[in-house]
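Peer 1: Got a structure for you, questions after.
Coordinate-derived values only; no laboratory data. Just so you know, these numbers come straight off a predicted model, no measurement behind them. Note that we place each Cβ from the backbone using ideal geometry, even for glycine, and neighbour counts take in every protein chain shown.
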Amino acid sequence: MLCLLALSSSKLSEVGLDIYEVGHIHEDGSGQFEIAADLTKVEHLIKFASLFTEVTPEVAQKTIKESLAELAKILRNLSGISNVTTTNDVNTLSAKLRFQFNSIKALNEAVCKIYAFIDHPGSTYFKLSRHSFSRADTPNFKQLISHYRDHVKADTQIADLILKNFLNLITYHTAYHFDKKIQKATNKLSSISEDSKTIFLKQPLSDACEQEFSFSNKIFF
């Protein structure tokens with residue numbers, strides 16, 4: 001059975017799921033932040049997983065919608081956060097959460113709420129100074145794996161194999177846009193746009209879970 005799962009999952013390697021963390025940060029520390037995900041390309045993988053777990057496309061879509069609604073409700077009550085909007089396509093497994101912030105402190109508080117189930121309260125994700133912007137490597141994705149194991153009812157070996165192959169399909173993207181031109185960045189995997197005002201970083205989520213990849217990056221203006 002495990003061999004069948006591995007073989008079937010390997011055939012799905014040409015598809016993937018992209019998660020985007022996008023920020024537009026102004027010099028005064030205000031800006032806009034967005035988290036987006038599209039599971040459309042892996043819908044058939046979820047259907048396959050439903051043979052062994054209680055996860056189905058319908059359950060996934062409902063979970064995403066409910067989670068976004070709950071997050072939006074929480075963020076709307078935070079000081080310094082405004083214009084919170086959510087998008088959840090009823091025909092696909094895609095979702096987006098967007099909001100504006102008036103300071104880096106407010107942004108950190110909001111992102112703490114977003115990552116509440118995998119991180120420690122009060123974590124600092126971003127720092128901004130006159131000459132630099134820092135993104136800390138805070139998300140504890142190993143906790144995400146534990147969260148999955150605790151909530152999915154399936155044989156442990158089967159659940160772990162499904163999770164491993166699913167994580168291999170996920171690419172986590174970060175993109176931060178600034179008013180000033182970027183001079184350099186400390187993370188060697190990052191790339192800078194032609195106008196030098198946006199920095200990009202992407203890696204498989206499986207690398208983050210195995211701690212082979214770091215989100216941390218310090219951008220200098």
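Peer 1: When you count, for each residue, the other Cβ atoms within 10 Å and take the mean per peptide, how do 23-32, 64-73 rank with the highest first? Working shown, then result.
Peer 2: Working: 23-32: 16.9, 64-73: 14.8.
Ranking, from highest mean packing down: 23-32, 64-73.
Peer 1: If each of S103 and L78 carries a label point 7 Å out from its Cα toward its Cβ, how far apart are those two points in nm?
Peer 2: 1.4 nm
Peer 1: Put a dot 7 Å past each Cα toward the Cβ at K188 and A116; how far apart are the dots in nm?
Peer 2: For the pair A116/K188, the computed spacing is 3.9 nm.
Peer 1: Apply 1/(1 + (r/R0)^6) to the Cβ-Cβ distance of A69 and H173, taking R0 = 22 Å, and write down the FRET efficiency to the nearest 0.05.
Peer 2: For A69 and H173, the calculated efficiency is 0.40.
Peer 1: Find out how many positive minus negative residues lie around I35, taking Lys and Arg as positive, Asp and Glu as negative, among other residues whose Cβ is under 9 Å from that of I35. Working shown, then result.
Peer 2: On the way: positive: K96, R98; negative: E21, E34.
For residues surrounding I35, the net value is 0.
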